[in-house]
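Only one structure is covered here, and it is reproduced in the block below.
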Amino acid sequence: MNNKTAEPKIIHEGRYLRMVERGTWEYVERTHASGLAAIIIAVTPEDKVLFVEQFRVPLQAATIEMPAGLVGDIDADESIEVSAIRELEEETGWTADRAEVLMIGPTSSGMASEKVAFVRATGLRRVGAGGGDGDEDITVHEVPRLEAAAWLARKMGEGYELDAKLWAGLWMIDHHLDGTPRG
């Protein structure tokens with residue numbers, strides 16, 4: 001059977017995820033959002049990168065990530081940019097005047113249909129404490145930009161799980177996608 005032309009078959013559907021079989025391939029889809037997540041690249045006026053720490057059930061471990069969230073999980077018509085600013089404020093207590101989508105690509109193309117948008121937030125100002133919504137327990141870290149990679153490496157050494165996309169986000173702070181420096 002051809003995986004490209006086979007009809008999808010739902011194997012299981014939960015409240016938030018659906019497992020699908022297409023030909024010989026199995027993968028997951030989101031059931032309650034657009035299938036798109038936004039990772040927010042945010043640097044404060046003091047030149048500090050915003051990271052969040054939280055316990056992630058699938059890993060049974062604390063993780064370090066950039067602020068992120070699902071697009072369309074609250075309002076199906078919400079744009080990527082509006083979702084990103086909302087999630088930034090909810091998770092970190094910082095808001096942004098502007099959000100710019102830098103790129104969109106798959107999160108784990110062999111396992112999920114989900115895609116992620118890297119979003120640059122600018123014009124940041126603190127408006128609250130952050131920490132997430134009622135179901136989240138998020139610790140916010142504000143790390144000087146020039147020390148961010150070393151800080152992440154230390155956190156990895158301390159046993160935290162780190163999303164590999166962190167390094168892509170750090171690179172995008174100073175570079176355009178084609179590799180030219182941001183001015």
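Of note:
- Test result for residue 68, within 18 Å of residue 167 (Cβ to Cβ) and among the aliphatic types (A, V, I, L, M): yes
For every residue, the table says whether it meets (1) in contact (Cβ under 8 Å) with a residue 12 or more places away in the chain; (2) under 19 Å from residue 105 (Cα atoms); (3) out of contact with any strand residue (DSSP E or B) (no Cβ under 6 Å at 6 or more places or on another chain).
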{"position": "15", "(1), (2), (3)": "yes, no, yes"}
{"position": "20", "(1), (2), (3)": "yes, no, no"}
{"position": "26", "(1), (2), (3)": "yes, no, yes"}
{"position": "35", "(1), (2), (3)": "yes, yes, yes"}
{"position": "65", "(1), (2), (3)": "yes, yes, no"}
{"position": "68", "(1), (2), (3)": "yes, yes, no"}
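- 2 or more residues in contact with a helix residue (DSSP H, G or I) (Cβ under 9 Å, 6 or more places away or on another chain) and crowded, with 18+ Cβ neighbours inside 10 Å: qualifying strands (runs of 3 or more DSSP E) within segment 7-107: 36-42, 48-56, 61-65, 68-70
- Residues of segment 72-112 that turn out to be of a type in the set (Gly, Ala, Ser) and either more than 30 Å from residue 25 (Cα to Cα) or touching a residue at least 60 places away in the same chain (Cβ under 8 Å) (or both), as a count: 8
- Taken together, the residues in segment 135-178 that are in contact with a helix residue (DSSP H, G or I) (Cβ under 9 Å, 6 or more places away or on another chain) and loosely packed, with under 11 Cβ neighbours inside 10 Å amount to 1.
- When the test is whether a residue is in contact with a helix residue (DSSP H, G or I) (Cβ under 8 Å, 6 or more places away or on another chain), in the same structural domain as residue 148 (by TED's automatic domain parsing) and hydrophobic (A, V, I, L, M, F, W, C), residue 117 passes it.
The values are calculated or read from the model by the stated rules, or taken from the named source; none is laboratory data. Worth saying up front: this structure is predicted, and the values here are computed from it rather than measured. Don't worry about glycine lacking a Cβ; one is built from the backbone with ideal geometry, like all the others, and counts go over all protein chains shown.
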